[in-house]
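Student: The structure under discussion is supplied below as structure tokens; questions concerning it will follow.
The values are calculated or read from the model by the stated rules, or taken from the named source; none is laboratory data. Since the model is a prediction, treat every value here as computed from it, not as a measurement. Positions of Cβ are generated from backbone atoms using ideal geometry, with glycine treated the same way; all protein chains shown enter the neighbour counts.
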Amino acid sequence: MTIKTTSHVSSQGLDDNALLRYSRHIMLPQIDIQGQQQLFNKHALIIGLGGLGSPVSQYLAAAGVGKLTLMDDDTVELSNLQRQIVHSESSIGLSKVSSARQSLLRLNSNIEIVSIERRFNATDEALLADIDVVLDCSDNLATRYAINHACVQQKTPLIIGAAIQFEGQLTIVDANDEAAPCYACLHRGQPVSEIRCAEMGVFSPLLGVIGSMQAVEALKILLDLPVALGQLLLYDGLATQSVSGANQATPNNPFDVIRYRRWLDCPSCAKP
């Protein structure tokens with residue numbers, strides 16, 4: 001017997017297959033049927049389909065976000081497969097956006113996926129006109145600052161993730177809150193050293209931790225649930241426990257939070 005698994009969500013609502021597919025979401029009072037329908041009507045832009053973009057894209061596709069735009073200028077290499085789980089051995093040599101699109105449509109064939117095979121730059125601000133949330137999964141500061149500036153100008157919520165070695169970071173920018181700072185406020189014009197996993201290494205599950213957290217915050221934004229602004233969340237993958245005695249272990253919190261304020265001279269969000 002062949003079981004039809006395709007689910008459908010339309011402007012008229014969820015059919016029986018969609019109700020089954022998303023049933024564990026629908027059970028949550030914060031989502032329910034209306035929230036799941038709301039997700040289908042949303043559009044997310046994922047910039048970077050590497051270690052962070054992999055879990056981000058997979059969870060947003062699985063959750064039923066109706067339209068995903070994928071942006072990356074890179075191709076899949078063997079060294080990516082240790083952590084970039086949206087790709088496979090058969091993807092080597094393909095563009096990352098093409099590889100990810102194929103993988104995500106196998107996961108959920110009822111969403112729309114748009115591929116843009118280039119790096120985000122300052123001229124791409126117009127792309128954000130119909131975007132509901134942007135996920136910065138890029139790996140370089142120039143792109144990160146360009147994304148931040150464009151999102152501030154367009155007032156598009158932005159979730160930024162970063163990971164290196166055993167440490168990760170996450171922060172949320174939303175210029176719809178006039179008191180909230182942006183990513184440029186975090187560093188206040190100070191030079192920031194740029195290190196990459198190709199030089200320093202990265203623990204593969206760490207990308208899953210930070211990327212999954214980015215997906216959590218994106219879905220909360222798309223569902224109109226509250227998120228924390230002006231906070232940099234730090235995660236230390238090695239801070240699991242510290243031994244305080246011969247047969248005693250004291251838990252050590254791997255999470256920490258740095259709060260930061262709006263920079264009055266910020267080139268992106270300062271008021272004229």
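Per-residue answers, yes or no, for (1) more than 16 Å from Gln154 (Cα to Cα); (2) modelled with pLDDT under 95; (3) over 16 Å from the mean Cα position of the chain (by Cα):
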| residue | (1), (2), (3) |
| --- | --- |
| Glu178 | no, yes, yes |
| Gly189 | yes, yes, yes |
| Ala198 | yes, yes, yes |
| Gly208 | yes, no, no |
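Student: Please work out which one of (1) at pLDDT 95 or above; (2) more than 18 Å from the chain's Cα centre (by Cα) is the condition Thr240 fails and give its number.
Tutor: Condition not satisfied by Thr240: (1).
Student: Still on this structure: Search region 77-103 for residues that are closer than 24 Å to Gln165 by Cα and pair each with any residue that is assigned to a loop (DSSP other than H, G, I, E, B) and modelled with pLDDT under 95 when their beta-carbon atoms are under 7 Å apart and the residues are at least 6 apart or on different chains.
Tutor: Nothing qualifies.
Student: Further question: List the number of the failed condition for Ala126; all other conditions in (1) under 20 Å from Leu233 (Cβ atoms); (2) part of a helix (DSSP H, G or I); (3) in contact with a helix residue (DSSP H, G or I) (Cβ under 9 Å, 6 or more places away or on another chain); (4) not charged (D, E, K, R) hold.
Tutor: Condition (1) is where Ala126 drops out.
Student: Something else about it: Quick check, is Gln84 assigned to a loop (DSSP other than H, G, I, E, B), in contact with a Ser or Thr (Cβ under 9 Å, 6 or more places away or on another chain) and surrounded by 17 or more Cβ atoms within 10 Å (Cβ to Cβ)?
Tutor: In short, yes.
Student: For the condition in a helix (DSSP H, G or I) and closer than 22 Å to Leu158 by Cβ, what is the one hit in Ser99, Ser54?
Tutor: Within the list Ser99, Ser54, the selection yields Ser54.
Student: Among (1) among the small types (Gly, Ala, Ser); (2) surrounded by fewer than 21 Cβ atoms within 10 Å (Cβ to Cβ); (3) under 19 Å from the mean Cα position of the chain (by Cα), which single condition is Ser138 missing?
Tutor: (2) is the only condition that Ser138 fails.
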